[in-house]
Each structure stands twice: as C-alpha cells, then as structure tokens.
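The structure follows.
The values are calculated or read from the model by the stated rules, or taken from the named source; none is laboratory data. It should be emphasised that the depicted structure is a prediction, and the values quoted were computed from it without experimental measurement. We place every Cβ from the backbone using ideal geometry, glycine too, and count neighbours over all the protein chains shown.
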Amino acid sequence: MRILSIDTSCDETSVAVTSGLSIESNVVSSQVRYHKKYGGVVPFLAQRLHTERIDSVVDLAIERSGSTEKDMQAVAVTYGPGLAPALQVGIAKAQALAAELKIPLYTVDHMIGHICSAWPEKKELALPALAILVSGGHTEFVLMKTFGNFEIVGKTLDDALGEAYDKAAIMLGLGYPGGKALATLATSGDPEHFPLPVPMAKNAGYDLSYSGLKTAVRYLLRDLHDNGVELDAVVTADIAASFEYSAQTALCKKIERILRDHPEIASVLVAGGVAANAELRKRIRMVAKTARDLPVFFPRSLKLCGDNAAMIGFAAYLGIQAGQKPVLAEKLDRVPYLLVSDYGK
Ligand code: KG4
Ligand code: ZN
C-alpha cells in the first residue's frame, strides 16, 4: 500500500511517500533557523511556517516519489503528541487530501512513528521489544509486546535527554539545538576531568531525571569562572565529555535494569534525535550484548532519527497490518499530550 504521510508536530514540515517499510520520498523542511534565536521552538511561529510550506512540501514529496497523486492509496498523519497549533496544519492538509483523493485517512502517534523508524526493514523483529525513545521532547522506555500493545515502563521526570544536551550546549556557547555539536566536542574531551553526578542511578524503578545534571553543569561553570579558569577548547571539551558520560550512564543503567527484570524482552529499538549519537549507539549495543546478546536496531539513516514523515508512513503500515482502521476525516482532532499507551483506546 502506497501511503502519503505528514508530520507537522514540531518544527519540521515533513511529507513522505512510503510503501511498506520502503521509502519512495521523505521531504523534511526544517524551520530550525527561525527558532534558533529564541533558544527553542515558538509554537505559533511553527504554525505559520508549516502553513506557508505544507502545500509545496506535499507536492515535492509526490514528485520525488516518482508517482502521482492518483497513486496514493492512503493518507497518514501525526495527531499527537506535539505542539497543538503545529499539529493542526498537518491534520487539516491530511483531511483535505483524503477527501480530494477519496482515500482512507489513518492517524499516527508521533512517538510510535519514532519507534517504527528503527523497525528492521528486511528482518523479522523479535517481540517483545524494548523501545528506547530519546528525542528533544521525550525520553521513554516503551515495552512493546506486539504492535499495538505499548507500555511506558519508564520515562524522564523532567527534561528529555535531547533537551538536556541542548541546554548544556547553550551553557557551553554551542548554540541551539546543540546536541550534535556537544557530542562532536565530547569526542575530544576527557570525561573524568570534571566528574558530574549520574542522575537517578540509585533510585529504584526505571524513571530518569536530567534537570539536576543541567544544574551540575551550571555550578561547574560558575566554579570554574570564580576560580579564573578560562573556558578554552580543552576545558569545554572535557565538560562536554563529562556531561555526555553522565547523561548516557544514567540511561544505560536503567536499560540494564529493565533488561534484567524483563527476561522476555527479545530485541531493542533505539529511536529519536539522540539515537544519531555514535557513542550512545556503542554503549547501548554493549549493554544489550552483556545482558543477553540481544539484537539492537537503530534507524537505518540519520534522517530517520530526527523528525520525518517516513516513520509516520511506517507506523501506519504496521498499524494497518495489525488491524488499525481509518478514521472519519471530519472527526479527527489533535491530541497534544497523546501517550503511546493510548494506542487503540
Ligand atoms: O527527535 P528529534 O529530531 O525532535 C524531537 O521530536 O524532539 O530530536 C531532536 C533532539 C535535539 O535535542 C538534538 O539536540 C538532539 O536530538 N540530537 C543529538 C544528536 N543529534 C541530535 N543529541 C546528541 N547527539 C547527537 N548526535
Ligand atoms: Zn520527534
């Protein structure tokens, strides 16, 4: 089934054409340079930019797929979670397309989309699987017994991992969103030079917290400043490496614990913007190998780690295979605080 999918949940206007788990086109029009100066995404600016771009992004995705509008067999759209004014633009366009082309409309949870971005294209995924979602807005551990049965077993109680990277990056003068720049800098730093606390390491359960680590970086910078230490390239790289080491250790300790307590888990998926991080990939592979040699799947390209619509097409396809029904276009509404555990309810 050829699906035209749309995601406007945050600051990327994205439209894709997919067939099963294969991508025919995946256009991502980023607004990041407009939000940069505000140090975060401004919802109504995002809405305006999505509105300006959505028609041309749809046309481009269809053109790049080598098909025509008439070849589309279904429309899929993100209806949550995300910024309400931004979600609205994609929903309205999806409703119009489904009516005009007389094809069914399917709704997709953006986070289930991220999970599906790591779904192996050519292998069978052994279930139950643990999905580790690490994006700028979410950090969640999702236990997936089957496609459609999603249970959040742990999550961050405050900042998401990507958000923590971005906040630390701003403090280090790396701009916004600075996760990638911080990760690059960390590769040349010494993580033991300025040891930082590993948040929630001693707490029971699988929840995480990243706001304390952010505060620890702030205090470290203040102390260095008070002691007249110059924030040169070497010092900045050491702080970046320490931050990354603590942030990832916190995540990996919880993953270890989940895998130990859930011997039924047969594979691991890692998705979201921070899944692009090479060091994190290495560490999660190691944890899964040490636990019981579990297969670990990541999105097959870096583009699939960040927000994109192809993953929404994948989720719709897997959902339809699992029995998901289309929605009545005129009844569709956004759900900004949607949870993966709401699937099918
Ligand atoms: O999934 P995503 O594109 O958007 C959300 O839905 O949030 O994730 C974006 C987040 C940003 O916080 C960005 O700084 C972070 O992913 N990120 C990284 C890397 N690449 C992107 N964080 C750490 N290392 C990276 N290589
Ligand atoms: Zn996302």
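For every residue, the table says whether it meets (1) away from ligand 1 (no atom under 15 Å from the Cβ); (2) free of Cβ contacts under 8 Å to residues at least 12 places away in the same chain; (3) under 14 Å from residue 273 (Cα atoms).
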residue: 122; (1), (2), (3): yes, yes, no
residue: 127; (1), (2), (3): yes, no, no
residue: 130; (1), (2), (3): yes, no, no
residue: 142; (1), (2), (3): no, no, no
residue: 148; (1), (2), (3): yes, no, no
residue: 155; (1), (2), (3): no, no, no
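Of all residues in region 1-50 being within 14 Å of residue 88 (Cβ to Cβ) and under 17 Å from the mean Cα position of the chain (by Cα), which is surrounded by the most Cβ atoms within 10 Å (Cβ to Cβ)?
8
Which ones in region 96-142 are more than 10 Å from residue 315 (Cα to Cα), within 13 Å of ligand 2 (Cβ to nearest atom) and β-branched (Val, Ile, Thr)?
Correct list: 134, 139.
Can you pull out every residue in region 307-333 that is closer than 25 Å to residue 31 by Cβ and surrounded by fewer than 24 Cβ atoms within 10 Å (Cβ to Cβ)?
Narrowing region 307-333 to residues closer than 25 Å to residue 31 by Cβ: 307-316, 332-333.
Hits for region 307-333 are 332, 333.
Identify the residue in region 285-306 that is in contact with an Asp or Glu (Cβ under 7 Å, 6 or more places away or on another chain) and outside any loop (DSSP other than H, G, I, E, B) and, among all such residues, is surrounded by the fewest Cβ atoms within 10 Å (Cβ to Cβ).
291
Let me ask something else about it. I'd like the full set of residues that are surrounded by 11 or more Cβ atoms within 10 Å (Cβ to Cβ), part of a helix (DSSP H, G or I) and without any contact (Cβ under 8 Å) to a residue 40 or more places away in the chain, limited to region 220-232.
Step one: list which residues in region 220-232 are surrounded by 11 or more Cβ atoms within 10 Å (Cβ to Cβ), which gives 220-221, 223-225, 229, 231.
From what's left, part of a helix (DSSP H, G or I): 220-221, 223-225.
If the condition is that a residue be surrounded by 11 or more Cβ atoms within 10 Å (Cβ to Cβ), part of a helix (DSSP H, G or I) and without any contact (Cβ under 8 Å) to a residue 40 or more places away in the chain, then 220, 223, 224, 225 are the ones that fit.
Conditions tested, residue by residue: (1) out of contact with any helix residue (DSSP H, G or I) (no Cβ under 8 Å at 6 or more places or on another chain); (2) under 25 Å from residue 177 (Cβ atoms); (3) without any contact (Cβ under 8 Å) to a residue 60 or more places away in the chain.
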| residue | (1), (2), (3) |
| --- | --- |
| 34 | no, yes, yes |
| 43 | no, yes, yes |
| 55 | no, no, yes |
| 64 | yes, no, yes |
| 74 | no, no, no |
| 77 | no, yes, no |
| 85 | no, yes, yes |
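Between a first residue in region 272-284 that is farther than 17 Å from residue 160 by Cα and assigned to a helix (DSSP H, G or I) and a second residue that is among the acidic types (Asp, Glu) and more than 7 Å from ligand 1 (Cβ to nearest atom), which pairs have beta carbons less than 8 Å apart while being 6 or more apart in sequence or on different chains?
279/244
While we're here: Residue check, residue 337 against (1) in a helix (DSSP H, G or I); (2) at pLDDT 95 or above; (3) not hydrophobic (A, V, I, L, M, F, W, C), all met but one. Which one?
(1)
Take region 240-258 and flag every residue that is among the charged types (D, E, K, R) and either crowded, with 21+ Cβ neighbours inside 10 Å or more than 17 Å from residue 142 (Cα to Cα) (or both).
Looking only at region 240-258, we keep the residues that are among the charged types (D, E, K, R), and these are 244, 253-254, 256-257.
Of everything in region 240-258, those that are among the charged types (D, E, K, R) and either crowded, with 21+ Cβ neighbours inside 10 Å or more than 17 Å from residue 142 (Cα to Cα) (or both) turn out to be 244, 254.
Something else now. Suppose the filter is more than 16 Å from ligand 1 (Cβ to nearest atom), part of a helix (DSSP H, G or I) and buried (at least 16 other Cβ atoms within 10 Å of the Cβ); does residue 91 pass it? Reasoning before the result, please.
On the way: more than 16 Å from ligand 1 (Cβ to nearest atom): yes; part of a helix (DSSP H, G or I): yes; buried (at least 16 other Cβ atoms within 10 Å of the Cβ): yes.
Here the answer is yes, as residue 91 does meet what is asked.
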